[in-house]
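Peer 1: Below you'll find the structure I mean.
The values are calculated or read from the model by the stated rules, or taken from the named source; none is laboratory data. Please read all numbers here as calculations on a predicted model, not as lab measurements. Every residue, glycine among them, receives a Cβ derived from its backbone with ideal geometry; neighbour counts consider all protein chains shown. For the accessible areas, the whole protein counts, side chains as well, though only heavy atoms, and no ligand, DNA or RNA atoms are used. Shrake-Rupley method; radii C 1.70, N 1.55, O 1.52, S 1.80 Å.
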Amino acid sequence: MAFDIDMIKGVYASMGERVDKARELVGKPLTLAEKILYSHLWDGMPTKKFTRGKDYVDFAPDRIACQDATAQMALLQFMQAGKDKVAVPTTVHCDHLIQAKQGAAADLKHANETSSEVFDFLGSVSNKYGIGFWKPGAGIIHQVVLENYAFPGGMMIGTDSHTVNAGGLGMVAIGVGGADAVDVMAGMAWELKFPKLIGVKLTGKLSGWTAPKDVILKVAEILTVKGGTGAIVEYFGPGATAMSCTGKGTICNMGAEIGATTSTFGYDESMERYLRATDREDVADAANKVKEHLTADPEVYANPEQYFDQVIEINLSELKPLLNGPFTPDLATEVGSMTEKAEANGWPLAVEWGLIGSCTNSSYEDLSRASSIAQQALDKKLKTKAEFGINPGSEQVRYTTERDGILEIFEKLDAKIFTNACGPCIGQWARYEDPKNAPKNSIVHSFNRNFAKRADGNPNTHAFVASPEMTAAIAIAGRLDFNPLTDTLINEDGEEVMLDEPTGWELPPKGFEVKDNGYIDPVEDGSGVDVIVAPDSERLQLLEPFEPITPESLQGMKLLIKAFGKCTTDHISMAGPWLRFRGHLDNIANNTLIGAVNAFNKKTNLVKNQLTGEYGGVPDTQREYKKAGIKTIVVGDHNYGEGSSREHAAMQPRHLGVAAVLVKSFARIHETNLKKQGMLALTFANENDYDLIQEDDTFNFLDIDQFAPDKPLTIELVHADGSKDTIIANHSYNDAQIAWFKEGSALNLIKKENA
C-alpha cells in the first residue's frame, strides 16, 4: 500500500471539477501540465486564466522531499517558523553525505561515523516535526521518491534540482531552495511564475543501443543548458507511451540540465505497471478512475503547435546513441563520431572509469541492461580497460539486483559496488589524494552533470554523459571513440569480437524484494523529542535572522567579483568535501564563490580588496568588507546559478554581506533563492553594460527607495578615476517578494505573520 493514500485520493477527488473549470476559463483544451497546475492552486477552484511566463501564482503542493545536504539548512529554517508539525507530507533522505571510496559496506560505515552528528540531527528533527526519515544507505532521494511517493497528476517540491525525476510518474515535481520548502512545511502557499510550455513529440520507438538517456541528451543539444528556463517540458507521442516508467524518469531527471522548471509525461500503462510492481496497486486503481485528467486533452497532442509555446519532434527510430560533454551537459556527439572532435580539442581518448547509477540512471532496468553488456565481456573473454563503479538507486533496487545476479556480473569484472547513494555524481568520490593536481583524463558516466571538478575534484577530468549500457561498453573498450554498433574488440584469445545489443528487464521478473528499506516513521506526537545542536559544533549552527538591507547601505557599495563565463551553484558553493558544512552557515561560507572565474585576471578565488589594494580569496576579502560595514555586489554572466537547487549559494553571500547580484540572466531556482534571502537579484537591461564594470568600481543605487514591481532600478557606477556611468537594472520582483526584501528574508516575514 502507498504512503499517504488518503491524500492522493483527495487530490483525485477534486481534480475533475477543477480541470473542467480551468478548461472553461482558458477557453481551449489543456495540456497535462496545465491540468496539474490549475488543480493545485492555493485558492482551490480556478477563477482566472493565468498568463504563461508573466503571472506569479500561489500553489498548494501535495508533498515535499529533502536530501540530507540541503535538508539541514531547510530544517534549521523551519525550526524558526514556530510550527509544531509540517503541514504536508515531507521526507528526508540521507544520500549526499556518503563518500564513495572502498565500497558499499566500508563507505557506509565511514559515513555513519563521520557524519553521525548530522544524521542524528536530521533523524531527531524529522521525528519531532512529523517527517518521514530515510536513513543512510536507504537510497538516492529521487529513486526512492519514484518507488514510494510519486503519483500521476500530483505536485511536489523538493530541495534538490533533480526532484523533477518524479515527472516519470506523471507529476509536476519541481526543485526549489529550502526556504520555498519551509513555506509549504509551515502551511503557506508556494509561489511560482506560471511556466511556459514546451512540447516534445516522440515518434518511432527506441531500439538497439539507443536508450531513454539519449532522448534527453538530444533535447539538451537542441535547447542548451538554458533553453528550458521558465518552462515545463511535456513529452508525448507513441514513442513516449512505449517507454518504461523509469526511462521516463531519466528523461525528466536530466531536464534540470536544460534549466526547465520541470518535465512530465502523461499517465499510461507503463506507469500503471510500475505502480503495481512497487506495491502501489491502490494508487494505480485510483489513477485509473480519473485517467482522462492525468494526460493532456486529445486535441493537444493531435495539434501541439496550437497549445505549446514551442514544439520539438524527435523520431526515436532515427535517434543515435550520444555522448555529451565534457564540462557541459549539452555538448552532444554521436557515438562513433568522437575521434576528430576529441583530437581537435585535446580530450583524452583513453577512458579510465565508467560509472553507472546516480539518481538519473540507477533503476532495475538500467542496471539490468548495463549488466547484459558486462556479461558479454565475461562471455567473450574481454579484458575491461577502464574501472567500473556502480551506485544502485535504492536498497530495494540493490537487494533485488543482488538476488537476481545482476550485481555479481559487475563484481566479476572487479567493479566497485558503492553505497545506495549519490557518490561520484555530486563529488563524493575519493578518487585522488590530491585532486587539484591530478592528471588529465577522461571518464564516462550515466549521471546528469559533468561540470569541471564535479565528480572527483580534478579540473582535468573530462566527464562525458551517456546511457548506462553505453557507459558499460565504452568502459570495456577503454576508448572514448569506441562505437559498439560497428567496432570490434580483441579478446584474450586474440580474436575479434563485437558486443551485441543490450537487453534487460523493464521490471524484475520475480518482483521487487527488500528486507529493510531504511524508512523510519516519525512519532505521532513529537513534542517530547529534543533536537540538540551543540554550540561548538563544526557541522551544525542554529540560524540567526538576517537583518534587512537598508537603502542607505546600498550606497557606496563595492564590487566583490565580476564572474566571467559559466558560474554555476558549484562555482558559488562547491559540494564534495564542503558538504560536511551544509548545516553550518558560517563555516560553509568559507567556500563562497571560490570556483568563480574573476573577469579581470581570469583566476579563481583571487579578487582585489578595494580597502587595501591587495588581492586575496573571495570569502576572506568579503569578510573584510563585512567587518568594515560595507555592502558588496556580485556581477555575473548568462544563466548565473545554473545547476543545483542549493540555497547555500544564496545564503552564503547574504551571510557575508553581499547585498545584490547583477547578471545577464539567472537560472530560475537561484534567482528565487536570492529573493527568499532578502537580496537583490537583478539583470542588466542592456547586456553590454556588463563590460562597463571595472575592478575598482563603487556602486550607488539611486532609486532604491522607489523599489516596485515592473520598475527598473538605476545604478550609478563610480570608477576609480572619478568618472561615472549610469546603468539600468531590471528585476522580476512582485509586491510579496519586495516584502521579503524589506523584512530581510521570506522567513522573517513568516515569523512575523506567525507571531
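Peer 1: Test each condition in (1) assigned to a loop (DSSP other than H, G, I, E, B); (2) open to solvent by less than 10 Å² (accessible area, probe 1.4 Å); (3) modelled with pLDDT of 95 or more for Ile443 and report the one that comes out false.
Peer 2: Of everything listed in (1) assigned to a loop (DSSP other than H, G, I, E, B); (2) open to solvent by less than 10 Å² (accessible area, probe 1.4 Å); (3) modelled with pLDDT of 95 or more, Ile443 misses just condition (1).
Peer 1: Which one is farthest from Asp691 (Cα to Cα) among residues in the stretch 585-611 that are part of a loop (DSSP other than H, G, I, E, B) and open to solvent by less than 20 Å² (accessible area, probe 1.4 Å)? Full working, then the answer.
Peer 2: Restricting attention to the stretch 585-611, the residues satisfying the condition of being part of a loop (DSSP other than H, G, I, E, B) are 592-596, 599-603, 605-606, 609-611.
Of the ones still in play, those that are also open to solvent by less than 20 Å² (accessible area, probe 1.4 Å) are 592-593, 595-596, 599, 609.
Working: Thr592: 23, Leu593: 20, Gly595: 21, Ala596: 17, Ala599: 10, Asn609: 20 Å.
This residue is Thr592.
Peer 1: Another question about this same structure. Across the stretch 626-679, what is the number of residues that are out of contact with any strand residue (DSSP E or B) (no Cβ under 8 Å at 6 or more places or on another chain) and either among the aromatic types (Phe, Trp, Tyr) or farther than 20 Å from Leu192 by Cβ (or both)?
Peer 2: Residues in the stretch 626-679 being out of contact with any strand residue (DSSP E or B) (no Cβ under 8 Å at 6 or more places or on another chain) and either among the aromatic types (Phe, Trp, Tyr) or farther than 20 Å from Leu192 by Cβ (or both): 10 in total.
Peer 1: For the stretch 31-47, which residues satisfy the criterion of being touching a His at 6+ places or on another chain (Cβ under 9 Å) and in a loop (DSSP other than H, G, I, E, B)?
Peer 2: Residue satisfying the conditions is Ser39 alone.
Peer 1: Oh, and also: Among the residues of the stretch 536-559, which ones are over 26 Å from Val176 (Cβ atoms) and either touching a helix residue (DSSP H, G or I) at 6+ places or on another chain (Cβ under 8 Å) or of a type in the set (A, V, I, L, M, F, W, C) (or both)? Break it down stepwise before answering.
Peer 2: Within the stretch 536-559, the subset over 26 Å from Val176 (Cβ atoms) is 536-538, 550-559.
Passing the criteria: Ser537, Glu538, Pro551, Leu554, Met557, Lys558, Leu559.
Peer 1: Which one of Gly613, Gly643, Gly636 is on the phi < 0 side of the Ramachandran plot and of a type outside the set (A, V, I, L, M, F, W, C)? Full working, then the answer.
Peer 2: On the way: Gly613 fails: on the phi < 0 side of the Ramachandran plot; Gly643 fails: on the phi < 0 side of the Ramachandran plot.
Exactly one of Gly613, Gly643, Gly636 is on the phi < 0 side of the Ramachandran plot and of a type outside the set (A, V, I, L, M, F, W, C), namely Gly636.
Peer 1: Can you go through Lys627, Lys566 and tell me which one is touching a residue at least 24 places away in the same chain (Cβ under 8 Å), more than 29 Å from Leu122 (Cβ to Cβ) and open to solvent by 10 Å² or more (accessible area, probe 1.4 Å)?
Peer 2: Details: Lys627 fails: touching a residue at least 24 places away in the same chain (Cβ under 8 Å).
Among Lys627, Lys566, only Lys566 is touching a residue at least 24 places away in the same chain (Cβ under 8 Å), more than 29 Å from Leu122 (Cβ to Cβ) and open to solvent by 10 Å² or more (accessible area, probe 1.4 Å).
Peer 1: Could you list all residues from the stretch 273-299 that are open to solvent by less than 10 Å² (accessible area, probe 1.4 Å), in a helix (DSSP H, G or I) and closer than 20 Å to Val215 by Cβ?
Peer 2: The one that is open to solvent by less than 10 Å² (accessible area, probe 1.4 Å), in a helix (DSSP H, G or I) and closer than 20 Å to Val215 by Cβ: Tyr274.
Peer 1: When the stretch 85-105 is examined, which residues are found to be of a type in the set (A, V, I, L, M) and open to solvent by 40 Å² or more (accessible area, probe 1.4 Å)? Break it down into steps so the answer makes sense when it comes.
Peer 2: If we filter the stretch 85-105 for residues that are of a type in the set (A, V, I, L, M), which is where we start, we get 86-88, 92, 97-98, 100, 104-105.
Matches in the stretch 85-105: Ala87, Ala105.
Peer 1: Looking at (1) at negative phi; (2) crowded, with 17+ Cβ neighbours inside 10 Å; (3) not acidic (Asp, Glu), which is the one condition that is false for Ile738?
Peer 2: For Ile738, the exception is condition (2).
Peer 1: On to the next question. Only residues that are out of contact with any strand residue (DSSP E or B) (no Cβ under 7 Å at 6 or more places or on another chain), under 14 Å from Gln143 (Cα atoms) and open to solvent by less than 10 Å² (accessible area, probe 1.4 Å): list them for the stretch 235-271, please. Steps first, answer last, please.
Peer 2: Residues of the stretch 235-271 that are out of contact with any strand residue (DSSP E or B) (no Cβ under 7 Å at 6 or more places or on another chain), as a first pass: 241-247, 249-250, 253-254, 257-258, 267-271.
With the extra rule that they be under 14 Å from Gln143 (Cα atoms), the set shrinks to 245-247, 249-250, 253-254.
Across the stretch 235-271, the qualifying residues are Cys245, Gly247, Gly249, Thr250, Asn253, Met254.
Peer 1: Tell me which of these Gly82 doesn't satisfy, since it passes every other one: (1) open to solvent by 10 Å² or more (accessible area, probe 1.4 Å); (2) on the phi < 0 side of the Ramachandran plot; (3) modelled with pLDDT under 95.
Peer 2: Failed condition: (2).
Peer 1: Using beta carbons and a limit of 7 Å, which pairs, at least six apart or on different chains, have the first residue in the stretch 366-384 and free of Cβ contacts under 8 Å to residues at least 40 places away in the same chain and the second one of a type in the set (D, E, K, R)?
Peer 2: Leu378/Lys412
Peer 1: Further, regarding this structure: Restricting to the stretch 448-476, name every residue that is under 17 Å from Ser371 (Cα atoms) and either open to solvent by 20 Å² or more (accessible area, probe 1.4 Å) or in a loop (DSSP other than H, G, I, E, B) (or both). If you could, list the steps in order and put the result at the bottom.
Peer 2: First pass over the stretch 448-476, keeping only residues under 17 Å from Ser371 (Cα atoms): 466-476.
Answer for the stretch 448-476, where residues must be under 17 Å from Ser371 (Cα atoms) and either open to solvent by 20 Å² or more (accessible area, probe 1.4 Å) or in a loop (DSSP other than H, G, I, E, B) (or both): Ala466, Ser467.
Peer 1: Just the residues that are open to solvent by less than 10 Å² (accessible area, probe 1.4 Å) and without any contact (Cβ under 8 Å) to a residue 60 or more places away in the chain, please, taken from the stretch 664-677.
Peer 2: Correct list: Leu674 only.
Peer 1: Out of the residues in the stretch 307-327 that are surrounded by 21 or more Cβ atoms within 10 Å (Cβ to Cβ) and touching a Phe, Trp or Tyr at 6+ places or on another chain (Cβ under 8 Å), which is nearest to Ser442 (Cα to Cα)?
Peer 2: Of everything passing the filter in the stretch 307-327, Pro326 is nearest to Ser442 (Cα to Cα).
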